[in-house]
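A.B. asks: A single structure is presented below for examination.
Computed from the coordinates by the stated procedures, all read-outs in this text should not be read as laboratory data. Because the structure is predicted, anything quoted here is derived from the model rather than measured. Here the Cβ is made from the backbone with ideal geometry for all residues, glycine too, and neighbour counts use every protein chain on show.
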Amino acid sequence: MLGLHDFTRLHSLSGVETAPALECLAFGGLIWPSKNYYYVPELENTNLKSVMFSAAVDMESVLKFLSVDGLQRLDFECNRYPTEFLAWICANYPWVEGYCLKPYMKFENPSDNFAIVCGKRKKTLRDLNDQKTRRALDNAAEQFENMKRRFAGIPFEELQNIIK
């Protein structure tokens, strides 16, 4: 595992592609995710199984992580990308798991009782016991499944035209 956090002048992952034994990569700013995008090299010849980041990575660079044959897990903030992109990943890379690769995340601890709908500019829903909240989560799940069906098999370039 390689973890790179809070290196404010680091904006490139160059060299990662030459680490044949590397299976898990975690990077990004733990305090403030950088506004400067990270450069991600071509990774299709690596052995990465898990990638986690809290840094600014554009959607095209996420495709480089998805190009890794053995990738099993991809984690990032649930509000970083549009819901359409998350659904597209789920539809076209169903073997890749991630906490934000679903319609919403629930937090049902005794002290927490809320859910976050995954996707850019989506809202946090309070009180999971409320009927209105449950309907909103059901609606988010239904929309996400519809998007997965709609985006299955379409190329990324076509998705970009839909998102714009």
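A.B. asks: How big is the shadow of the Cα convex hull of the stretch 2-154, averaged over all directions, in nm²?
C.D. replies: With the hull built on Cα positions only, its mean projection is 9.8 nm².
A.B. asks: Okay, moving on. What relative contact order, as a whole-number percentage, does the stretch 2-154 give when Cα pairs under 8 Å and 6 or more residues apart are counted?
C.D. replies: 17
A.B. asks: Calculate one ³J(HN,Hα) per residue across the stretch 94-106 by plugging θ = phi - 60° into the Karplus curve 6.51 cos²θ - 1.76 cosθ + 1.60, and present them in order as whole Hz with x for glycine and proline.
C.D. replies: Values, residue by residue: x, 7, 8, 9, x, 5, 9, 8, 7, x, 7, 10, 9 Hz.
A.B. asks: Can I ask one more? Using a cut-off of 11 Å between beta-carbons, work out the net charge of the residues near Asn45 (Lys and Arg +1, Asp and Glu -1, Asn45 not included). Spell out each step's value before the answer.
C.D. replies: On the way: positive: none; negative: Glu17, Glu42, Glu44, Asp69.
Result for the local shell: -4.
A.B. asks: Once you charge only the Cβ atoms, +1 for Lys and Arg and -1 for Asp and Glu, what is the size of the charge dipole of the chain about its Cα centre, to the nearest 20 debye?
C.D. replies: That gives a dipole near 640 debye.
A.B. asks: Using a 4.7 Å cut-off between beta carbons, which cysteines in the chain end up with no partner cysteine at all?
C.D. replies: Cys24, Cys90
A.B. asks: Is it possible to state the helix-based mean residue ellipticity at 222 nm for the chain, with each DSSP H run of 4+ residues giving -39500 (n - 2.57), the sum divided by total residues, to the nearest 500 deg cm²/dmol? What is it?
C.D. replies: -9000 deg cm²/dmol
A.B. asks: Ok, one more. How would you rank Met147, Met52, Met105, Met1, going from fewest to most other Cβ atoms within 10 Å of each one's own Cβ?
C.D. replies: The order, fewest Cβ neighbours first, is Met1, Met105, Met52, Met147.
A.B. asks: Give a quick list of chymotrypsin sites (Phe, Trp or Tyr not before Pro) in the stretch 98-152 that DSSP marks as loop, anything other than H, G, I, E or B, with at most 16 other Cβ atoms within 10 Å.
C.D. replies: The qualifying sites are Tyr99.
A.B. asks: Of Ser67, Ser54, how do they rank once you tally other Cβ atoms within 10 Å and put the fewest first? Don't skip to the end; give the middle numbers.
C.D. replies: On the way: Ser67 14, Ser54 19.
Least crowded to most crowded, the residues run Ser67, Ser54.
A.B. asks: Please sort by residue number the GluC sites (Glu not before Pro) in the stretch 94-159 whose DSSP state is loop and whose Cβ has at most 10 other Cβ atoms within 10 Å.
C.D. replies: The qualifying sites are Glu108.
A.B. asks: Let me ask you something else. Just grab the label-to-label distance for Arg134 and Leu2, each label 7 Å out from Cα along the Cβ direction, in nm (one decimal).
C.D. replies: Computed distance between label sites Arg134 and Leu2 equals 4.8 nm.
A.B. asks: Further, regarding this structure: Which residue, chosen from Met59, Ala91, Tyr81, occupies the Cα position most advanced towards the positive end of the dipole of the chain, where the dipole is computed from +1 (Lys, Arg) and -1 (Asp, Glu) charges on Cβ about the Cα centre?
C.D. replies: Positive-most Cα among the choices belongs to Tyr81.
A.B. asks: Which residues' amide hydrogens lie under 5 Å from the amide hydrogen of Phe27, considering only partners 5 or more residues apart or on another chain, with H built in the peptide plane?
C.D. replies: Placed amide hydrogens put Leu4, Met52, Phe53, Ser54 under 5 Å from Phe27.
A.B. asks: Here is a further query. Which lysines have a Cα less than 30 Å from the Cα of Lys64, not counting those fewer than 8 places away in the same chain?
C.D. replies: Excluding near neighbours in sequence, the set is Lys35, Lys49, Lys102, Lys106, Lys120, Lys122, Lys123, Lys148, Lys164.
A.B. asks: Order these by the 10 Å Cβ neighbour count, fewest first: Tyr39, Tyr81, Tyr93.
C.D. replies: Tyr39, Tyr93, Tyr81
A.B. asks: Another question, then. Can you tell me how much longer the chain between Ala56 and Thr18 gets when fully stretched, taken as 0.36 nm per residue apart minus their C-alpha distance, in nm with one decimal?
C.D. replies: That pair, Ala56 and Thr18, stretches by 11.5 nm at full extension.
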